[in-house]
Amino acid sequence: MVRMSEAHHLWPVGMGGPQHPSTLLGLCPTTHDWVHAILRDMVKNDWHPRRRHEPAYAHHVATLGYQAWDAAGRP
């Protein structure tokens, strides 16, 4: 079975984000994996500039999630 899209909370629940349907995005599995990998790097390194090999859209989504987490005081 091929998964066409996966639900991703813009501000991940695991980072203190709300579990509300309005925060969900549909991402392909590969992009979803990228977003979480980029977020892990951002948290570990207290942000980092976009690297060439990262898909721009995945980096954009990760940036929005990081900014929401940071604005909330990094719960």
**Study point:** Selected residue (only one of Gly73, Gly65, Gly17 is surrounded by 14 or more Cβ atoms within 10 Å (Cβ to Cβ), of a type in the set (Gly, Ala, Ser) and at pLDDT 95 or above)
**Key:** Gly65
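So, of the residues in the stretch 27-62 that are of a type in the set (Gly, Ala, Ser) and either closer than 12 Å to Glu6 by Cβ or surrounded by fewer than 18 Cβ atoms within 10 Å (Cβ to Cβ) (or both), which turns out to be farthest from the chain's Cα centre (by Cα)? Steps first, please.
So the first thing to find is which residues in the stretch 27-62 are of a type in the set (Gly, Ala, Ser), and the list is 37, 56, 58, 62.
So of that shortlist, the ones also either closer than 12 Å to Glu6 by Cβ or surrounded by fewer than 18 Cβ atoms within 10 Å (Cβ to Cβ) (or both) come out as 37, 56.
Values: Ala37: 8, Ala56: 12 Å.
Only one residue fits best here, namely Ala56.
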Point to revise | Close pairs (8 angstrom Cβ cut-off, 6 or more residues apart or separate chains): touching a residue at least 24 places away in the same chain (Cβ under 8 Å) in the stretch 23-44, assigned to a loop (DSSP other than H, G, I, E, B) and of a type in the set (Gly, Ala, Ser) anywhere | key: Leu27/Ser5; Cys28/Ser5
Practice item. Please go through the stretch 1-50 and pick out each residue that is aliphatic (A, V, I, L, M), assigned to a loop (DSSP other than H, G, I, E, B) and either out of contact with any strand residue (DSSP E or B) (no Cβ under 9 Å at 6 or more places or on another chain) or under 13 Å from Ala68 (Cβ atoms) (or both). Key: Met1, Val2, Leu10
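Is it true that Leu24 is surrounded by 14 or more Cβ atoms within 10 Å (Cβ to Cβ) and modelled with pLDDT of 90 or more?
Values: surrounded by 14 or more Cβ atoms within 10 Å (Cβ to Cβ): no; modelled with pLDDT of 90 or more: yes.
No, not satisfied.
The values are calculated or read from the model by the stated rules, or taken from the named source; none is laboratory data. Remember, predicted model here, so these are calculated numbers, not experimental data. Cβ atoms come from the backbone with ideal geometry, glycine included; neighbour counts cover every protein chain shown.
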